[in-house]
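Readers should treat all values here as calculations from the given coordinates under stated rules, not as data from a laboratory. Note that the coordinates shown come from a computational prediction; the quantities given were computed from them, not determined experimentally. Every residue, glycine among them, receives a Cβ derived from its backbone with ideal geometry; neighbour counts consider all protein chains shown.
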Amino acid sequence: MPGAPLQYLTDELNKLREQKLYQKLRILETEQRPVARFDGREVINLSSNNYLGLTTHPKLKQRALEAIEKWGVGSGAVRTIAGTMTLHMALEEKIAKFKHVEASVVFQSGFTANAGTVQAILGREDVIISDELNHASLIDGCRLSRAEIKVFPHKDVEACEKILKEIQNHSGHKLLITDGVFSMDGDIAPLPGLVELAEKYGCIMMIDDAHASGVLGRNGRGTVDHYDLHGRVDIQVGTLSKAIGALGGYVCSTRDAIEFLYHRARPFLFSTSHPPSVAATCIAAFEVLEEEPQLIEKLWANTRFFKAGLKKLGFNTGMSETPITPVIVGDAALAHEFSRQLFAEGVFAQSLGFPTVPHGKARIRTIVTATHTEAEMSQALQILEKVAKKLGII
Ligand SMILES: *Cc1c(COP(=O)(O)O)cnc(C)c1O
């Protein structure tokens, strides 16, 4: 008798348990809020990407409810068959105007927007030049495209240029691709330098602005706006799942590039479009970005307060320049233990180890939002101090 075919997966899991790397899913039992109940415990929540608190914004909830009443709960088809509704088109127009670009297309998630776009626009004969810390969805898109992938050291514009020189005579298309804000370190891409290289060497310039959407630039227009590089980045991807508070990803580019994606981006062609309530929620969210700029101001004020507190305590917060602030401890088992003990004391800061971050760079990641109070942040800092001292981290 052959053994159970899936036994090897159980063995792998047991190995993770032995190495203390096994992680249970935390269950959120309330709305996604700055103080929320996970696994039966009220905790200060430093783990969501709900930067502006929009997951619970009354205007967004109201629009979602109205959309359900008027349009039902599902779209019933993929975009290219019968699943393009008025609201989907209205959202895309709203985004294009907001981002000052010709056109945009919305995908089911930021992940599918990235992977679907890179795969669609490149082929075997092309080359991708990619930052080593780019998000998994970009990496998957690069692999699926079958283009040759050249990785440059993190944010190293000179090393990037060296690669571009080497492939100067390559006949295929070249794509220079970077995250706008890096999701595990919270640092910002050196976009001005990369854009210059893209222009000099004739590359398509693409940016994944998932953590910059609603966070960086005027009214949260992203990294391109932050550096005033309008018109010089060929493809901008953003997410609707983080600061925007709902779900989805969008691609901004020329009208023809967007129409090309209608024809070739596989998640667009083969996976059902958003429920109309999601599109309605996102439209309302972009209105809020313009109507309530104080939310972004508060996000940054909170970020400065919390970062200063962490620095003062002597934590290693790496290269962070944004609300994403890692507390790097190195060893993955220690990071997981740190996170577990913080949770027991009332702070939820998720620990991250390999493969989410490189070996030896394990950390907890903290993200404060516009809706955290100073009292909540101060309390979180006290708890971080207490637990970190106990574990010898500071
Ligand atoms: C979260 C994230 C994504 C994926 O966005 P979703 O909308 O959650 O699928 C893509 N890129 C980066 C850099 C991210 O942090």
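The order of L342, L313, going from fewest to most other C-beta atoms within 10 Å of their C-beta, is L313, L342.
Taking 18 Å as the straight-line reach from the Cα of K162, the aspartates and glutamates in range (excluding those fewer than 8 positions away in the same chain) are D126, D131, E132, E148, E196, E199. Charges on Cβ only, +1 for Lys and Arg, -1 for Asp and Glu, centred on the Cα centroid of the chain; of I177, T272, I163, which one is farthest towards the dipole's positive end? Of the listed residues, the answer is T272.
Report summary: the helix-based calculation at 222 nm, which adds -39500 (n - 2.57) for every DSSP H run with n ≥ 4 and divides by the residues of the chain, gives -13000 deg cm²/dmol. Which aspartates and glutamates have a Cα less than 12 Å from the Cα of K298, not counting those fewer than 8 places away in the same chain? Result set, ordered by chain and number: E374.
Checking the Cα-Cα distances for K307/K390; K70/K99; K15/K311 against a 24 Å cut-off, the pairs over it are K70/K99; K15/K311. Footprinting exposure proxy ranking of H230, H57, fewest other C-beta atoms within 10 angstrom first, gives H230, H57. Straight-line cross-link reach from K155 at under 20 Å between alpha-carbon atoms covers these lysines, not counting any fewer than eight positions away in the same chain: K165, K174, K200, K361.
Taking other C-beta atoms within 10 Å as the exposure proxy, K162, K150 rank K162, K150 from fewest upward. Spin-label pair L269-Q382: with each label point 7 Å from Cα along the Cα-Cβ axis, the two points sit 5.9 nm from one another.
Mean projected area of the convex hull spanned by the Cα atoms of the chain, taken over all viewing directions: 21.9 nm². A cut-off of 5 Å between modelled amide H atoms, ignoring neighbours fewer than 5 places along the same chain, links K150 with I128, I129, S130. Working note: Karplus 6.51/-1.76/1.60 with θ = phi - 60° gives segment 306-319 the couplings 6, 4, 4, x, 5, 4, 4, 6, x, 6, 8, 9, x, 9 Hz, where Gly and Pro are set to x. Net charge of the neighbourhood of D228, taken over other residues with C-beta under 12 Å away and scored Lys/Arg +1, Asp/Glu -1, is +2.
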